[in-house]
Amino acid sequence: MTPHTQGRRARLRAQTTAEIKATALRLLSEGGPDAISLRAIAREMGMSASAVYSYFATRDDLITTLINDVYSALVDRAEAARDACPADDTASRIQAWWRALRDWALAEPDGFRLVYGDPVAGYVAPAGGPAPRPSKRACLGLVELIAAAWPQAAPRQPPGDHAWSDFTPELAEEIRGHLPDVSPGAVALAFRVWGRMYGLIGLEVYGHLRPSLTDPGALYEAELRDLVVSLGLVAPERR
């Protein structure tokens, strides 16, 4: 086989792989997570089921790849938004991170549900989770932001004896290896911030805000403002 032939086959395989994933995401959009099956994808693409299985041995393999791709795209977007802000403007960097996540979730609600929401019936994730690398990037990215805010935020936090034993040994080791000076209190605060901002996004994606609010975005911006005020990064507005 010549290098030219090998290159052509590699390009065709990459194109078909991309089409399989795009078809799976369309089926997800149309019918939810349970609509994803290799046989359904084969029918949509005019391929034999055996041909699709030559690209993804099982449906779980395909779903794992989709979750990893979608999660990676999300973290790419959040990191780019954060890094577009000055390195010493922690308030803007935190707000940019969370605006990017909300914008992505509203533009890609099916991807949001795949990563953060509806479980896929029968799906068994591999050891370590379906997307360990983007999950690690997301966790460390948020902890970095809160660690930068910690000097101002720490005096405002409720009393608590947070210790590294509050977290799994694997997470504690990962964070301490990346941020050796971070305190367990800052890590706990990062998880609280995650729950606070993710909660509003989830309510909006799942349609729970629209029946009551004319502009969910305004509520989200108010929450972002209150977040950076609560962290001591900006002064509260006078009323």
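The values are calculated or read from the model by the stated rules, or taken from the named source; none is laboratory data. Keep in mind that what you see is a predicted model, and the values were worked out from it rather than measured. Quick reminder, even Gly has a Cβ in these numbers, built from the backbone with ideal geometry, and neighbours come from all protein chains shown. SASA here: full protein model, heavy atoms, side chains in, ligands and nucleic acids out. Shrake-Rupley method; radii C 1.70, N 1.55, O 1.52, S 1.80 Å.
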Single residue of segment 66-94 satisfying the filter (of a type outside the set (A, V, I, L, M) and within 12 Å of residue 137 (Cβ to Cβ)) that is farthest from the chain's Cα centre (by Cα): 82
Selection status of residue 236, over 25 Å from residue 64 (Cα atoms), open to solvent by 40 Å² or more (accessible area, probe 1.4 Å), over 23 Å from the mean Cα position of the chain (by Cα) and not assigned by the TED database to the domain that holds residue 79: yes
Residue match in segment 28-50 (condition: modelled with pLDDT of 90 or more and under 16 Å from the mean Cα position of the chain (by Cα)): no
Among (1) of a type in the set (A, V, I, L, M); (2) more than 20 Å from residue 101 (Cα to Cα); (3) open to solvent by 50 Å² or more (accessible area, probe 1.4 Å); (4) under 24 Å from the mean Cα position of the chain (by Cα) - the single one residue 182 does not satisfy: (3)
Qualifying residue in segment 161-169 (condition: more than 24 Å from the chain's Cα centre (by Cα), surrounded by 16 or more Cβ atoms within 10 Å (Cβ to Cβ) and more than 30 Å from residue 36 (Cα to Cα)): no
Positions within segment 78-107 being surrounded by fewer than 21 Cβ atoms within 10 Å (Cβ to Cβ), of a type outside the set (A, V, I, L, M) and within 15 Å of residue 198 (Cα to Cα), in sequence order: 99, 103
Members of segment 208-233 found to be open to solvent by 40 Å² or more (accessible area, probe 1.4 Å) and either over 22 Å from residue 148 (Cα atoms) or hydrophobic (A, V, I, L, M, F, W, C) (or both), listed by number: 208, 210, 211, 212, 213, 214, 215, 218, 219, 222, 233
Pair list, Cβ under 8 Å, 6 or more apart: segment 114-133 residue open to solvent by less than 60 Å² (accessible area, probe 1.4 Å), other residue among the β-branched types (Val, Ile, Thr) and assigned to a loop (DSSP other than H, G, I, E, B): 114/120; 120/36
Lone qualifier among 98, 104 - being on the phi < 0 side of the Ramachandran plot, out of contact with any Lys or Arg (no Cβ under 7 Å at 6 or more places or on another chain), of a type in the set (A, V, I, L, M, F, W, C) and part of a helix (DSSP H, G or I): 98
Residue under evaluation residue 53, criteria (1) at pLDDT below 90; (2) over 23 Å from residue 110 (Cβ atoms); (3) open to solvent by 80 Å² or more (accessible area, probe 1.4 Å), criterion not met: (1)
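For every residue, the table says whether it meets (1) touching a Phe, Trp or Tyr at 6+ places or on another chain (Cβ under 7 Å); (2) surrounded by 12 or more Cβ atoms within 10 Å (Cβ to Cβ); (3) not assigned by the TED database to the domain that holds residue 101.
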site: 14; (1), (2), (3): no, no, yes
site: 30; (1), (2), (3): no, no, yes
site: 43; (1), (2), (3): no, yes, yes
site: 74; (1), (2), (3): yes, yes, no
Selection status of residue 187, farther than 30 Å from residue 29 by Cβ, in the same structural domain as residue 119 (by the TED database) and of a type in the set (Val, Ile, Thr): yes
Residue check for residue 187: of a type in the set (A, V, I, L, M) and at pLDDT below 95: no
Filter pass, residue 144 being under 26 Å from residue 183 (Cβ atoms), free of Cβ contacts under 8 Å to residues at least 40 places away in the same chain and either of a type in the set (Gly, Ala, Ser) or open to solvent by 40 Å² or more (accessible area, probe 1.4 Å) (or both): yes
